[in-house]
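Nothing in this text is a laboratory measurement; each read-out follows from the coordinates by a stated rule. Just so it is clear, the structure is predicted and the values come from calculations on it, not from any experiment. Virtual Cβ from ideal backbone geometry, glycine too; neighbours counted across all protein chains shown.
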Amino acid sequence: MDIRNDIRNRQLVLAAIDHGTDARRVLAVARRIAKARGADLDVLRVSPHRAVYFDDRPGVRPVESQYDARLASLLRSGEGLDVRSVTLRGTPEHVIPAYSQLRQGSLLVLQRDYGSSWFWRNSRVVDDLARQSPIPLLVLPTPTKSEEGESGLRRILAPIDDSIASTVALRTVADLSRRYSAQVTVVHALNNVPREMVLSGSEAWAVAQQLPAQIDAAAERFRRKAVSLGVNDIDTKVATGDVGHIVREMAERTDPDLIVMGIADRSWLGRLMFGSTLRRVLRRSTAPVLVVPVVAGRHTSPRTSPGAEQRVG
C-alpha cells in the first residue's frame, strides 16, 4: 500500500495525457505547478477495457512501446520532483475522478482535446470529466499561448452569476489575485433582455430606459460580492446576450492569462437541450481555463435574490 501522501502530507498534482494530445506541453505545465506547490506529480493514462491502442492520424500507426519510450524520456526530466506514471483502466470520465478522490489530488492538468479523435477535436470528454471531478481542472487550450502554470498571472477573467458555483470560483480568483497581484475582470450576462428588446412602442422604450439601471445594479452587486471575498483589483463588466459569446468577446478584449469558471453537475440531457457554456468557452479560448467543480453549484447563493441572469456552467 502506497501511503506516500499520508506520510509527507504533500499536495498531489495530476496530469492526464493520451495519444492525441501534446504530452510534453501538459507535463511542462504540470511540473511548474507541482514545483511551485512543493507537490508530487502523477501522470495518468487511461487504458480502455479492450486495451487496444492506435493513432488515427493518416499513415501513422506507432507501437505502444514506442509511446512508452517517449513518455519515459519525458518523465526522466522530473527536475527533482517525485513523478510517477499511472495507468488506469476504464473510461476517463469515471476512472480519473475516482483516482483523484482516492489519492486526494489537488489539481488535474490536461489539454482541451483530451480523449477526442484526431480528426474530431472537441472538448466533450473534458466537459464530462469536469462534471464528475472532485478537484479543479486546469484545461490547456490547443492554440499556443504563454503558459506559466500558476506563476506570472497578470490578468484573470471570471464569468459569474448568482450561483454557489460562481461564489466558490470567486474565492479561488481572490486567492490567485492576492498571491500574484493579478487584475481581475468579472463578467456577467443578463438574460432575456434581447428577447424583450424586439417589442415596439412604449414597451420597447420602457425596456431601453430600464436597461442601463439594471446593468449598473448588477455590476455593483457583483463588484461588492467580489470585494467581500477578497478581490481588490477588479473591473466588473455586465452585458446582454449569450454568456458564451460574451465571455469570448471579453477574453479577446482583456487577453487574460487565465479564465476561472465555477461549474455544477448537469445531466447529458440538460447539456444536449440547453448546451454547455463550459464547452463553448473551451472551444474558443486561447487562454488556460481553470474549472472549479462545485457539487451544489446549481443552487443560488444564500442571501441573494434570484434574478433573470444566465447560469455560467
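Label sites at residue 89 and residue 245, each approximated as a point 7 angstrom past Cα along Cα to Cβ, lie 4.9 nm apart. Here the simple spin-label model places points 7 Å from the Cα toward Cβ, and for residue 102 and residue 224 these points are separated by 4.8 nm. Can you compute the modelled spin-label distance between residue 10 and residue 233, with each label point 7 Å from Cα toward Cβ, in nm? Taking the simple label geometry, residue 10 and residue 233 are separated by 3.2 nm.
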